[in-house]
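Some notes on the structure that comes next.
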Amino acid sequence: MPDAIKGQERPKKGVAHFVCGRRSKWVVVVLWLAVMVLAFPLASKLGDAQDNDAASWLPGSAESTQVLEESKGFRPEVIPAVVVYARDSGLTPADRQQISEDVAAIKQLRDHGVRGNETRGPVLDRPVDPRAAQVFVPITMDEKGWDRIAPAVDSIRDITGKSSTGLEVHITGPGGTAADFSEAFEGIDSTLLFAALGVVIVMLLITFRSPTLLLVPVISVIVALSAAQALIYLLATHADLTVNGQSAGILTVLVFGAGTDYALLLVARYREELRRHEDRHEAMALALHRAGPAVLASGATVVLGMLVLLFAEMNSTSGLGPVAAIGVAVALVSMLTLFPALLVILGRWIFWPAIPHLGSPEPTERGFWARTGRRIAGRPRATWGITAVILAAFALGLTQLRADGISNADAFTGEPDSIVGQSVQAQYFPAGSGDPLVIITNAPQARTVGETVATTSGVVPRSITIPPGTKPVNDGRVLFEATMSDPADSQAARATVERVRDAVHAVPDADAQVGGGTAALLDAETATTRDNYVIIPLVLAVVLLVLTLLLRAVIAPLLLIGTVVLSFAAALGLSALAFRYIFDYAGEATDFPLFVFVFLVALGIDYNIFLTTRIREEAGRLGTRRGVLTGLAATGAVITSAGLVLAGTFAALGTLPMVAFAEIGFAVALGVLLDTLIVRSVLVTGLFLDVGPKIWWPHRRAREDEPRTPEPAVAGSAVSGGAVSGGGSSPNEPEGS
């Protein structure tokens, strides 16, 4: 009998044994089939439960949110679309006749939510020899919400698309922009699903080198995604959980990325145990017993990290927290139950063509990461020092970060009609005419407040109006609008909002509030800045606590947190340089640093856990130095494979035609690659080797580093020991290599 299988360990009775038991494995699969039958119809309805209204994104305490809510008492909630007509040489009589006919037809679109009696225009850019005209079309926001906008705008476009040759016609304003955003989000679930699925299939095929094995994690992840979407749909419809297009899209990426990572780690350990056990049920039970705690700890850390987002003021950010946490939790359960049950049912042949046979040799001792560890061990201080300096140099790119918001004109990777129309409109009319300020004040002070607004810098003189269809007075309050001279999504317009607010708040007894699209952008920036200062330290605290409890040490977790911060700064710096000089993006959303940090730290901590728990296990038998080298050799390949999969799934966000998603996807993918290829493998290894046993302080292991068994070859213990994570074999190294 080969040495590798002498003294086989028998799995203990427990959850792991139940999941892969000879009969109970079928029970697990049947239970998940029942979940799928119940979940699939509900999962398909998640798009209907999304709430993309402005209030679902903004903080509830924001002044713009309060104006939005109070304005419903004056008029039905509407969003104005602006139809812009332009001919640089001047509108012809035929043009003006065509515009009049268009307006008459648009007013008849009542079935699409158009408020015909309140449609205004055409408004000419000048009374004599006009070159442009604009028509304001209010669209009702009823129970259908944002689902009504895109069809309404499409109907308007069908009417205006028949204009005479040479006459430019565009649909812009809040309604036009909302329609373009709605169309960009349309099919987000399916687009990201197929993109992420494609990435996972390709990466698993490269990693496993088996066309049959990759089907098992793919099936398990799809089941997990459907179950998570169904649960989130139920919570959204019955427990007021906020779900929007952003959180629904990120959910898909998270479930695919995290779920596949867990699958890779379990497969690595299962493959190792199959080389030592003839009975695949025992092999899987031991694989779960040894790798399961690390997978469970990493998944729990991600869930806790996501739940920290509940402390955010931004509704969109706080709503993402539980959505992401549910997704990762369901993926974790699926990968610890359904996935191993399916592997055991299918047997060894599923690994074809590299089937792990009983007693076959371990490839880890001669692997790339074993050789890398030996090189680092030669000069650990120089290795981690040089690596840290390089990462710090990458972080200097932060000077190019412009996370102060993205204007509508820069929000799309392409140039939709509303953005073109916004530019054309600004050539002939006040730039802010399509998205005015909304002011609500007490009736007795309304005249004073109106005069104060009209004389504020940045407001177009004589632009104070009461919108058609608005009650003149509601409970002693008055609503009116004012046009700004700058584009509504510009920094200059935000400054105007601040000046107007300062001015009207100073009017005695007015209780005036200022809202509108620009005010909402300003409030979102303010809330996001606050969230950055609150959420980031909380996430770090959660990660530090988990690492401290898991490793039962203080020095090691502090070192790991330092590498996390350095890795994040380097990823953000490199991303900022890429956005400026490669992709030519105008800037980043205000919540960009927060999202990148949360995803990188919460997900990147997985790799810390997989590596350090293995190091800690091996250090108990071999001493810290050999434990570090063995841990790297045993987990390096599987961590790299997991990182590549996670990076690829986040890169799939780039398939969406929106800059904010593309930037998050790029930065997280780059950060994950830095984390797995450089930080975990080189920086952490060098640090641990240099500091030595003191990394375990205050544990008694900090004072003893003598091997408790004869010193084996660097990675030899991957065959013989009981490791916690990853396993000795690499899923991307062929059998017997």
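Scanning the range 138-155 turns up no residue that is within 23 Å of L437 (Cβ to Cβ), part of a strand (DSSP E or B), hydrophobic (A, V, I, L, M, F, W, C) and out of contact with any Pro (no Cβ under 8 Å at 6 or more places or on another chain). Restricting the search to helices (runs of 4 or more DSSP H) fully inside the range 313-380 and requiring at least 1 residues that are at pLDDT below 85 and out of contact with any His (no Cβ under 8 Å at 6 or more places or on another chain) gives 315-336, 368-378.
Quick check, is V255 within 13 Å of I326 (Cα to Cα), in contact with a helix residue (DSSP H, G or I) (Cβ under 6 Å, 6 or more places away or on another chain) and not in a helix (DSSP H, G or I)? Step through it out loud before you land on a result.
Working: within 13 Å of I326 (Cα to Cα): yes; in contact with a helix residue (DSSP H, G or I) (Cβ under 6 Å, 6 or more places away or on another chain): yes; not in a helix (DSSP H, G or I): no.
When the stated conditions are applied, V255 does not pass them.
What's the number of the only condition in (1) of a type outside the set (D, E, K, R); (2) closer than 21 Å to L346 by Cβ; (3) in contact with a Ser or Thr (Cβ under 6 Å, 6 or more places away or on another chain) that F256 fails to meet? It is condition (2) that F256 fails. For the range 632-643, the criterion of a residue being assigned by TED's automatic domain parsing to the domain that holds F595, at pLDDT 80 or above, surrounded by fewer than 23 Cβ atoms within 10 Å (Cβ to Cβ) and assigned to a helix (DSSP H, G or I) is satisfied by at least one position. Of the conditions (1) surrounded by fewer than 18 Cβ atoms within 10 Å (Cβ to Cβ); (2) touching a residue at least 40 places away in the same chain (Cβ under 8 Å); (3) in contact with a helix residue (DSSP H, G or I) (Cβ under 7 Å, 6 or more places away or on another chain), A403 fails just one. Which one is it? (1) is the only condition that A403 fails.
For the condition surrounded by fewer than 23 Cβ atoms within 10 Å (Cβ to Cβ), part of a helix (DSSP H, G or I) and modelled with pLDDT under 90, T260 does not qualify. Within the range 475-486, one or more residues are at pLDDT below 90, part of a loop (DSSP other than H, G, I, E, B) and surrounded by fewer than 17 Cβ atoms within 10 Å (Cβ to Cβ).
Checking each residue of the range 361-380 against the condition of being surrounded by fewer than 19 Cβ atoms within 10 Å (Cβ to Cβ) and touching an Asp or Glu at 6+ places or on another chain (Cβ under 6 Å) gives no match.
Could you go through the range 422-442 and let me know if any residue there is closer than 16 Å to D180 by Cα and in a helix (DSSP H, G or I). Checked against the condition, which is being closer than 16 Å to D180 by Cα and in a helix (DSSP H, G or I), the range 422-442 yields at least one hit. Answer yes if at least one residue in the range 523-542 is outside any helix (DSSP H, G or I), out of contact with any strand residue (DSSP E or B) (no Cβ under 7 Å at 6 or more places or on another chain) and surrounded by fewer than 17 Cβ atoms within 10 Å (Cβ to Cβ), and no otherwise. Scanning the range 523-542, I find no residue that is outside any helix (DSSP H, G or I), out of contact with any strand residue (DSSP E or B) (no Cβ under 7 Å at 6 or more places or on another chain) and surrounded by fewer than 17 Cβ atoms within 10 Å (Cβ to Cβ), so the answer is no. The residue list A248, A268, A283 contains one member that is in contact with a Cys (Cβ under 9 Å, 6 or more places away or on another chain), part of a helix (DSSP H, G or I) and in the same structural domain as L549 (by TED's automatic domain parsing), which is A283. Has the range 498-506 got any residue that is out of contact with any Leu (no Cβ under 7 Å at 6 or more places or on another chain), of a type outside the set (D, E, K, R) and either over 17 Å from V449 (Cα atoms) or part of a loop (DSSP other than H, G, I, E, B) (or both)? Taking every residue of the range 498-506 in turn, at least one turns out to be out of contact with any Leu (no Cβ under 7 Å at 6 or more places or on another chain), of a type outside the set (D, E, K, R) and either over 17 Å from V449 (Cα atoms) or part of a loop (DSSP other than H, G, I, E, B) (or both). Among the criteria (1) under 25 Å from the mean Cα position of the chain (by Cα); (2) more than 26 Å from A393 (Cα to Cα), the one V564 does not fulfil is (2). When G517 is tested against the conditions (1) buried (at least 17 other Cβ atoms within 10 Å of the Cβ); (2) more than 25 Å from F412 (Cβ to Cβ), the lone failure is (2). Among the residues of the range 71-129, those identified as of a type in the set (A, V, I, L, M, F, W, C), buried (at least 18 other Cβ atoms within 10 Å of the Cβ) and within 20 Å of T483 (Cα to Cα) are F74, V78, I79, A81, V82, V83, V84, L124. If the condition is being farther than 30 Å from G327 by Cβ and surrounded by fewer than 24 Cβ atoms within 10 Å (Cβ to Cβ), then the range 579-618 contributes R580, Y581, I582, D584, A586. Against the test of being in a helix (DSSP H, G or I) and at pLDDT below 80, the options A179, A196 yield a single qualifying residue, A196.
Looking only at residues of the range 27-48 that are among the small types (G, A, S) and surrounded by fewer than 19 Cβ atoms within 10 Å (Cβ to Cβ), we find that the one that is modelled with the lowest pLDDT is S44.
Could you tell me whether R499 is at pLDDT 90 or above, out of contact with any Asp or Glu (no Cβ under 6 Å at 6 or more places or on another chain) and not assigned by TED's automatic domain parsing to the domain that holds T172? Taking the combined requirement at face value, the residue satisfies it.
Give the range 64-122 a look and list any residue that's over 20 Å from S433 (Cβ atoms), among the small types (G, A, S) and in a helix (DSSP H, G or I), or say none. The answer is A94, S100, A104, A105, G116.
Taking first residues from the range 56-76 that are farther than 14 Å from D475 by Cβ and partners that are among the charged types (D, E, K, R) and part of a helix (DSSP H, G or I), the Cβ contacts under 8 Å between residues at least 6 apart in sequence or on separate chains come to L58/D523; P59/D523; A62/D523; E63/R501; E63/D523; S64/D523; T65/D523.
Please enumerate the residues belonging to the range 276-306 that are in contact with a Pro (Cβ under 7 Å, 6 or more places away or on another chain) and surrounded by fewer than 22 Cβ atoms within 10 Å (Cβ to Cβ). Break it down stepwise before answering.
Let us first name the residues in the range 276-306 that are in contact with a Pro (Cβ under 7 Å, 6 or more places away or on another chain), namely 282, 284-286, 288-289.
Passing the criteria: E282, H289.
The values are calculated or read from the model by the stated rules, or taken from the named source; none is laboratory data. Note that the structure is predicted; figures quoted are calculated from it, not measured. Neighbour counts are summed over all protein chains in view; Cβ atoms, including those assigned to glycine, are modelled from backbone coordinates with ideal geometry.
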